[in-house]
Amino acid sequence: MQDWGFYMPTRIRFGWGRFNEIRRVVDELNGKKAFVVTGKDFPNQSDALDRMLKHLQGLPLEVFAEAEENPSIETVDRGAEKCRASRCDVLIGLGGGSALDAAKAIAMLQRNPGSIREYLDQERVCQAKGLPVITIPTTAGTGSEVTPFTVITHKAKRAKPAIAPPQNFPDVALVDPELTMSTPPKVAASTGLDVLCQAVEGFWSTQGNPVTRSLATQGIRLAVENLEAACLRKDKDAVAAMALASHLTGIQMSNIGNTCIHPLSYPVTVDYGVPHGFACALFLPAVIRFNAPAIGERFADLLRLLNLPGIEAFARRVEEFMEKLGALRRLRDVGVKAEALPDMVKRGMGRSTAWNPKPMSEEDLLQICRAVL
Ligand code: NAD
């Protein structure tokens, strides 16, 4: 058996209704003034911010409701400046992965100099832990509440690079599945498919270990069993199960990252505005088929658990989900032309592409993109 290790410093509070513990969490961190980072449209999409402000009545705070979807360098730097000026001593990220990533980056920049760009471009390295961060996810998708990753849109490079210094793990993740009930069907579908992608990538990653594979197995099972009921019917148990699946895949991913699908999704989001989860799921069936010769043995137990006869049946099950949830099925449907694919592939190869179970060349990725054109 290979050697392995696992690190997860984030304290977790998970449960339906636990959002109302936010004041206690701030007090436990000895926070005297909070800097709240949330989505720019979020106050009109959910009542969670209003509810939180009521829970925090009496605590000095500032709200930075400016994180756009796939937050940019400019937004993070602006937030970091405001946070410094406000003299807040604790950060609260409230929202989807975009708001949480922005909050983590802003917290880091309070105790590390310069622009977030310099860290993304590897001109600087995070040296110090930032201000304490409380993450409160309102989508069941990214698991960002428990990862050290901060994925930021770098417009000049037309890319979505990430940093993941170990100091960037949030201090407390407060996960209340009820907060995801207000996600509109399209957001629920995209984020739910992101969970499935993350879990599958974690399951087959060459970086995996016994802990991450257990988490990935649970994540896949929960997603397969609950995705439709959570997204299409907002069934309460299914919604809670998807929040758990997202959270477990976040813990798994925090230690081993992804494989080839996440980096490949980034140009699709940056160039064509496709929501993150849909951009990932688009490639999932084709990559399952590509990996089939390398994953048979590892998938045998999982397929039994899912009551599926083989890997091809698993790929078809994913396609059925995508169909039912109205996910993007073809790159050409968002205007991608065949001539754009080579550049998309070049920009869609990341460090984690090498962790795919079957070695993957640029030509292989091009074939996969052609298969979903
Ligand atoms: P998102 O945060 O971009 O949110 C999508 C939309 O849904 C936004 O308009 C948001 O305001 C809205 N929304 C969020 N919660 C809602 C609610 N409860 N009710 C109504 N509307 C709501 O989407 P996401 O998929 O959660 O996050 C995607 C981002 O996370 C991408 O930038 C992706 O790269 C990143 N990501 C980060 C990690 C990580 O570990 N840091 C992992 C995976 C993805």
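Computed from the coordinates by the stated procedures, all read-outs in this text should not be read as laboratory data. The shown structure was predicted, so the numbers you read here are calculated from the model rather than taken from an experiment. Heads up, the Cβs are rebuilt from the backbone with ideal geometry, glycines too, and the neighbour counts pull from every protein chain shown.
Which of the cysteines in the chain are isolated, no other cysteine C-beta under 4.7 Å?
Cys83, Cys88, Cys126, Cys231, Cys260, Cys369
With the cut-off at 1.5 for a/c, could you classify segment 259-373 from its C-alpha gyration tensor as rounded, prolate or oblate? Mind showing how you got there, number by number?
Working: a/c = 2.18, a/b = 1.39, b/c = 1.57.
Verdict is oblate for segment 259-373.
Evaluate E = 1/(1 + (r/R0)^6) for Ile12 and Glu339, where r is the Cβ-Cβ distance and R0 equals 35 Å; express this FRET efficiency to the nearest 0.05.
Values: r = 47 Å, r/R0 = 1.33.
About 0.15, to the nearest 0.05.
From the convex hull of the Cα coordinates of segment 212-295, what is the mean projected area in square nanometres?
On the way: hull surface 24.8 nm².
So the Cα hull casts an average projection of 6.2 nm².
GluC sites (Glu not before Pro) within segment 95-156: which are DSSP loop residues with at most 14 other Cβ atoms inside 10 Å?
Sites meeting the loop and neighbour criteria: Glu123.
Where the eigenvalues come from the Cα gyration tensor of segment 32-78, what are the semi-axes √(5λ) of the equivalent ellipsoid, largest first, in whole Å? Mind dumping the intermediate values first?
On the way: eigenvalues 87, 42, 5 Å².
Working from the Cα gyration tensor, I get semi-axes of 21, 15, 5 Å.
What per residue convex hull volume, in Å³, do the alpha-carbon atoms of segment 318-373 yield? Walk me through the numbers before you get to the answer.
Values: hull volume 5.5 nm³, N = 56.
Spelled out: Cα convex hull of segment 318-373, divided by residues, is 98 Å³.
I'd like to compare 360-368, 97-105: which one has the highest average count of other Cβ atoms within 10 Å, and what's the full order after that? Walk me through the numbers on the way to the answer.
Values: 360-368: 16.4, 97-105: 30.6.
For the peptides 360-368, 97-105, the packing ranking is 97-105, 360-368.
Semi-axes of the equivalent ellipsoid for segment 75-121, please: Cα gyration tensor eigenvalues, times 5, square-rooted, ordered largest first, whole Å.
After scaling each eigenvalue by five and taking roots: 15, 14, 8 Å.
Would any residue of segment 181-215 have its amide N under 16 Å from a label point 7 Å out along Cα→Cβ of Lys236? List them or say none.
181-182
Please state the Cα pair-distance histogram of segment 158-233 with 5 angstrom bins from zero: what percent is in each bin?
The distribution over segment 158-233 is 3, 13, 16, 18, 23, 17, 8, 1, given as percents.
Sequence neighbours fewer than 8 away in the same chain don't count; with that in mind, list the lysines whose C-alpha is under 19 Å from Lys324.
In chain and number order, the partners are Lys186, Lys234.
Apply the a/c threshold of 1.5 to the C-alpha gyration tensor of segment 141-292 and tell me whether it is rounded, prolate or oblate. Each step should come with its number before you reach the end.
Working: a/c = 1.24, a/b = 1.18, b/c = 1.05.
Taking the square roots of the gyration eigenvalues as a ≥ b ≥ c, segment 141-292 is rounded.
When the Cα centres of segment 273-314 and segment 5-29 are compared, how far apart do they sit, in Å?
33 Å
Non-local amide H neighbours of Leu61 (under 5 Å, H modeled in plane, Pro and chain starts lacking H): which ones?
Sorted by chain and number, the residues that satisfy this are Ala34.
Using all alpha carbons of segment 1-132, what is the percent of pairwise distances in each 5 Å bin, ordered from the shortest bin to the longest?
For segment 1-132, the pair-distance distribution reads 2, 10, 19, 21, 20, 14, 8, 4, 2, 1, 0.
At q = 0.20, 0.22 Å⁻¹, what is the base-10 log of I(q)/I(0) for segment 66-198 according to the Debye formula with one equal point scatterer per Cα and no solvent? Please give it to two decimals.
-1.15, -1.35
If contacts are Cα pairs under 8 angstrom and at least 6 residues apart, what is the relative contact order of segment 133-280 in percent? Show your work: numbers first, answer last.
Details: 274 pairs, mean separation 46.4, N = 148.
Here the relative contact order equals 31 percent.
Under 21 Å between alpha carbons, and skipping anything fewer than 8 positions from Lys346 in its own chain: which lysines qualify?
Correct list for Lys346: Lys155, Lys157, Lys160, Lys337, Lys358.
How long are the semi-axes of the equivalent ellipsoid of the chain, taking √(5λ) for every eigenvalue λ of the Cα gyration tensor, in whole Å from largest down? Before the final figure, lay out each step's value.
On the way: eigenvalues 206, 103, 75 Å².
Those come to 32, 23, 19 Å.
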